[in-house]
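The values are calculated or read from the model by the stated rules, or taken from the named source; none is laboratory data. Please read all numbers here as calculations on a predicted model, not as lab measurements. Using ideal geometry, Cβ is built from the backbone for each residue, glycine included, and neighbour counts are taken over all protein chains shown. Calculation scope for accessible area: heavy atoms of the full protein, side chains included, ligands and nucleic acids excluded. Shrake-Rupley method; radii C 1.70, N 1.55, O 1.52, S 1.80 Å.
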Amino acid sequence: RKRSFVVGDWADAGVEAQLLEAARHAGVPTPSLIAWSASNIELGLPFLLVEHIEGETIPQRILRKPHFAPAREKLARQYGEALGCIQQIPAASVSGLKPQDPLERYQQILDDIGEPSPVLAFGFRWLERNRPDSQEQVVVHGDFRNGNGIVDPERGLRAIIDWELSHWGDPLEDLGWFCIRAWRFGERSPVGGFGDYDQIIEGYESTSGRNVDQQVFQWWQIMGTVRWAIICRLQGATHWQGHRRSLELAATGRRTAEAEYDLMLLLRGK
């Protein structure tokens, strides 16, 4: 039986435009906004037009090309600093940004897919039992990772891009997502494949004014891994349940097992 899947609320062009402007004022490296529209009148669909910034976004090139070696040495701290600045965006500067409960959201998506996963069920049970008691809400980028930054070979991070999944959420949500194994792209370094935990945490603490609680950070790494496993399942199901036939979606679906394996390692403290 075919089902329709909804991952979540994407920020519309108007909200994303506000975010880009507010982020620049908060010190986040972002492209300058040139024009935008939330209507379909001008181009047939909503749009954002931003300045062109020279650099690379493809993680495999950033991680393996020799001329990116100077950038790799500083990227983890730079991403941490950028994340801390994102969290300095005042609530009043962005209207229309919605809160999200990722635990509830991704449990619902898994239920909608309609295929049981003992590993993910175990992961959700652990997450429910160990959920941190945090009431603070900040701007969460939503897809903060290696691949959503423009990188210069010498200067490192030039801009944070792809803000369409932004929402209100926990301060450590983005940090945990950045550090899941999927965004290391086969490299050993735990932060994006190019850095260590202490580098991104030091950068983050220097601009956010917050100290990273290691247990909360671990919770968000596990939540991020569960999220990635469900995204893989969702993309695979979109193909094999006939919503949209795509070799890319099918191949991503096969990666669910990798994420489930990563989840079991994290739950064992590895």
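Listed highest first by mean packing, meaning other Cβ atoms within 10 Å per residue, what order do 132-138, 110-116 come in?
110-116, 132-138
Can you tell me, using C-alpha contacts under 8 Å and at least 6 residues apart, the relative contact order of segment 76-193 as a whole percent? Before the final figure, lay out the partial values.
Working: 128 pairs, mean separation 33.4, N = 118.
Averaging sequence separation for qualifying contacts and normalising by length gives 28 percent for segment 76-193.
How do 148-158, 94-104 rank on mean C-beta neighbours within 10 Å, highest first?
Order by mean packing, descending: 148-158, 94-104.
Can you check what the net charge comes to around PRO171, using other residues whose Cβ is under 10 Å from the Cβ of PRO171 (Lys, Arg +1; Asp, Glu -1)?
-4
Scattering from the C-alpha atoms of segment 1-157 alone, worked out with Debye: what is log10 I(q)/I(0) at q = 0.19 1/Å?
Taking Cα atoms of segment 1-157 as identical point scatterers yields -1.24.
Which order do TRP126, TRP220 take when ranked by solvent-accessible area (1.4 Å probe, heavy atoms of all protein chains), largest first? Spell out each step's value before the answer.
Details: TRP126 60, TRP220 20 Å².
Sorted descending by solvent-accessible area, the residues read TRP126, TRP220.
Please work out which option in (1) 56, 44, 28; (2) 60, 59, 32; (3) 48, 45, 41 gives Cα extents along the principal axes in Å calculated from these coordinates, and answer with its label.
Calculated Cα extents along the principal axes in Å: the matching label is (3).
Taking segment 172-270 on its own, what percent of its Cα-Cα pair distances exceed 21 Å?
In whole percent, the share of Cα-Cα pairs in segment 172-270 beyond 21 Å is 39.
Ratio to report: Rg/Rh of segment 163-218, with Cα atoms as the point set and Rh obtained by the Kirkwood method; give two decimals.
Details: Rg = 11.8 Å, Rh = 12.1 Å.
Here Rg/Rh amounts to 0.97.
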